[in-house]
Amino acid sequence: MKAYLLDAAVARYVFDHTTPPDALLKALEKETAEVAGESAAMQISSDQGRFLTMITQLMAPRVVVEVGTFTGYSSVCIARGLSGGRLHCFDVSEEWTSIARRYWREAGVADRVTLTIGPAAETLPAFDQPIDLAFVDADKGNYPVYYELLMERLRPGGLLVADNTLRRGWVADPAHDEQTTVEIRRFNDLVMEDPRVSVLMLPVADGMTLIRKN
Ligand SMILES: C[S@@+](CC[C@H](N)C(=O)[O-])C[C@H]1O[C@@H](n2cnc3c(N)ncnc32)[C@H](O)[C@@H]1O
């Protein structure tokens, strides 16, 4: 349960009143914790997963792009929400995404997911389809690069969702100058200055920003 911005009782209440993950997602969470150790914290939380499935169901996108797939939690949630569209995943790690591939098969969504391995700043430029929905959850220093590449391809009315945009709330504390926080703060400011978009920052988990191309 990731709820850095809520007190424990409210967080418990929120999770108790959100449709819970099924057995497959629970198994993926357990396996990731066992094999990834501290890196398991990179996985999105179950309420974020529910959000991604729901927004995908609501938008009925044809083309979805995910940057940062890891062991597959968010991609399973997005793929499950699809009704005819495709999810294109980008990640640098063959090792982590081999687990994702297995869960895509177990979830019965492998036929609607493609994976490109390599640094996304180098692989995304070759992607030439109009994008309806994008989820960005990879190396934070490159968020501005991913943002520009995806924004060029996002159709008007399309949505880009960026994860970890509150950094446990540290972005709001000017005294906090840890590198990733500075990078995310810069990204948040860049998005706010972009006249092409409207923006909604949600205090869910570690902060999720919804960026709609006008
Ligand atoms: C926070 S995790 C993604 C978590 C995932 N969304 C989930 O739900 O479990 C970040 C991922 O970004 C990937 N990554 C890091 N640097 C990258 C890069 N330069 N290009 C593409 N992927 C990268 C890592 O391999 C890792 O799998």
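The values are calculated or read from the model by the stated rules, or taken from the named source; none is laboratory data. Keep in mind that what you see is a predicted model, and the values were worked out from it rather than measured. Cβ sites come from the backbone with ideal geometry, for glycine too, and all protein chains shown count toward neighbours. Protein only, heavy atoms only, side chains kept; ligands, DNA and RNA dropped before computing areas. Shrake-Rupley method; radii C 1.70, N 1.55, O 1.52, S 1.80 Å.
Brief remarks on what is shown
- Amide H contacts under 5 Å for LEU154: ILE131, restricted to partners 5 or more places along the chain or on a different chain, H placed in the peptide plane at 1.01 Å from N.
- Between ARG62, ARG12, ARG155, the Gaussian network model of the chain with springs among Cα atoms under 10 angstrom shows the greatest mean-square fluctuation at ARG12.
- Amide proton proximity set for ILE44, modelled H, under 5 Å, gap of 5+: SER74
- Computed extension gain for GLU152 through GLU122, at 0.36 nm per residue and net of the alpha carbon distance, reaches 9.3 nm.
- Region 41-127, accessible area per residue, ligands and nucleic acids excluded (1.4 Å, Å²): 39
- Counting only protein chain heavy atoms and rolling a 1.4 Å probe, the accessible areas of SER74, SER39 rank, largest first, as SER39, SER74.
- Sorting the segments 178-184, 64-70 by their mean number of nearby beta carbons within 10 angstrom, highest to lowest, gives 64-70, 178-184.
- For the chain, the carbon plus sulfur part of the accessible surface works out to 55%, probe radius 1.4 Å.
- Less than 5 angstrom separates the built amide H of MET201 from those of LEU210, all sequence-distant by 5 or more or on a different chain.
- The chain shape via C-alpha gyration tensor axes, a/c threshold 1.5: rounded
- The packing ranking, built from the mean of other Cβ atoms within 10 Å per residue, places the peptides 131-143, 41-53 in the order 131-143, 41-53, highest first.
- Under the Karplus curve 6.51 cos²θ - 1.76 cosθ + 1.60, θ = phi - 60°, whole-Hz ³J(HN,Hα) for region 111-122, x wherever Gly or Pro sits: 6, 10, 10, 10, 10, 10, 9, x, x, 4, 5, 9
- Reachable lysines, given that their alpha-carbon falls under 22 Å from the alpha-carbon of LYS26 and they are not under 8 places away in the same chain: LYS2
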